[in-house]
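Presented below is the structure to which this report refers.
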């Protein structure tokens with residue numbers, strides 16, 4: 001496995017100071033951007049104009065997580081804008097492979113996300129069309145929720161396929177990741193850890209990122 005990746009979530013940042021909040025986590029692998037439309041999930045956050053502004057303000061690759069309806073229509077513009085990774089929800093479309101193809105054609109990596117209650121088995125066959133699998137470890141919609149360890153069985157199932165060479169993709173987890181939970185997620189084979197409150201509620205967000213990465217790396221070295 002590659003070195004563990006940390007993706008701070010700006011959902012937990014100060015929205016009035018996003019450029020500064022991005023600078024505070026310099027050295028992070030990705031910057032996780034939660035886009036919510038108040039339809040697919042009950043919350044409304046930010047959209048393409050804010051992402052376009054963030055792209056000008058930071059060199060950290062943007063990891064856009066689209067918790068929205070109709071990703072076929074709305075996902076490709078995030079790739080065109082310059083996002084590194086554009087992830088949409090399996091539950092939001094009947095044709096995820098087509099959406100992934102359009103995202104890649106627009107210049108970004110394509111990610112598929114599944115809610116905690118969504119089984120991974122129906123999607124294993126199509127994961128070859130994706131660069132990232134984002135496993136939600138809280139119900140999507142709001143930050144600050146408690147980690148749901150039962151979703152780690154999905155990570156283990158996909159990790160086996162990656163390790164055997166059947167799949168090549170980044171396994172990402174989002175929700176409740178903190179010093180108290182990152183080790184069990186790392187043990188399950190997660191590559192990339194989204195952390196919101198654990199980073200932006202810390203006195204030193206950059207140090208929080210480094211500490212989380214070190215905790216995950218220690219587990220990796222023991223595996």
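What follows is calculated from the coordinates using simple rules that are stated; it is not laboratory data. From a predicted model like this one, the values you see are computed outputs, not experimental measurements. Cβ coordinates were reconstructed from backbone atoms using ideal geometry, including for glycine residues, and neighbour counts include every protein chain displayed.
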Residue-span extension gain [residue 183 to residue 3] - 0.36 nm each, minus C-alpha spacing: 63.4 nm
The stretch 66-142, relative contact order [Cα under 8 Å, separation at least 6], %: 30 percent
Global form of the stretch 82-171, assessed from the alpha-carbon gyration tensor, a/c cut-off 1.5: oblate
Three semi-axes of the equivalent ellipsoid, the stretch 12-84, Cα gyration tensor, whole Å, largest first: 21, 14, 10
Fewest-first sequence of 130, 40 by Cβ atoms within 10 Å of each Cβ: 40, 130
Taking only Cα atoms of the stretch 130-212, radius of gyration then Dmax in Å: 13.0, 42
Contact order relative to length of the stretch 31-110, as percent, for alpha carbon pairs under 8 angstrom and 6 or more apart: 28 percent
Spacing of the two label points (7 Å from each Cα toward its C-beta) at residue 201 and residue 38, in nm: 2.6 nm
Rounded to 5, the percent of DSSP beta bridges in the chain classed as antiparallel: 5 percent
Per residue convex hull volume, Cα atoms of the stretch 9-135, in Å³: 102 Å³
The chain: relative contact order as a whole-number percent, Cα under 8 Å and 6+ apart: 21 percent
Debye equation applied to the C-alpha atoms of the stretch 5-222, log10 I(q)/I(0) at 0.08, 0.09, 0.16 Å⁻¹: -0.24, -0.30, -1.05
Of 170, 199, 162, the one that fluctuates the most in a GNM where the chain has Cα springs shorter than 10 Å: 162
Segment residue 139-residue 14, length gained on full extension (0.36 nm per residue, minus Cα span): 42.8 nm
